Ligand SMILES: [Zn+2]
């Protein structure tokens, strides 16, 4: 009896996992599609963190590890990458260092700025925001800096 129940439970779990997977995949399609539409309409580029060397370079706290290493997160990046190419939206990869612990208001960088997975609170200026929104602002600033730099240097030279 127990054996049978275990089998059923396992099957139920597998079924739920499949459902969860499809739900995440649909969500990722919707998110990347909406993002691309917005980028095309507003003629904006998209910036993502360049995570190619992240394992060696950063120590990510255990509770933050999920978001950077989950398959759903990487799938979303993949969708964004190929949809951007398909839609002709410029895509920039920026240095991911400190994006989540730097204050987008004053530029102060400190580990303690990121109170939790969701909250950001600057220890210097008191700027409070959703941690992802703050990181996104930093990523967009890095993108603009990276895009503007070659132009500025060619003008100077
Ligand atoms: Zn600040």
| said: If R₀ is 41 angstrom, what is the calculated FRET efficiency for the pair residue 85 and residue 9, using the beta carbon separation as r and rounding to 0.05? | reply: 0.45
| Under a plain spin-label model, where a point goes 7 Å from the Cα along Cα-to-Cβ, how far apart in nm are residue 44 and residue 109? | 2.4 nm
| field | FRET efficiency, residue 74 to residue 37 (Cβ-Cβ, R0 30 Å, nearest 0.05) | value | 0.85
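All of the numbers you see were taken from the coordinates with simple rules; none came from a lab. Not measured: the values here are computed from a predicted model. Cβ: placed from backbone, ideal geometry, glycine included. Neighbour counts: every protein chain shown.
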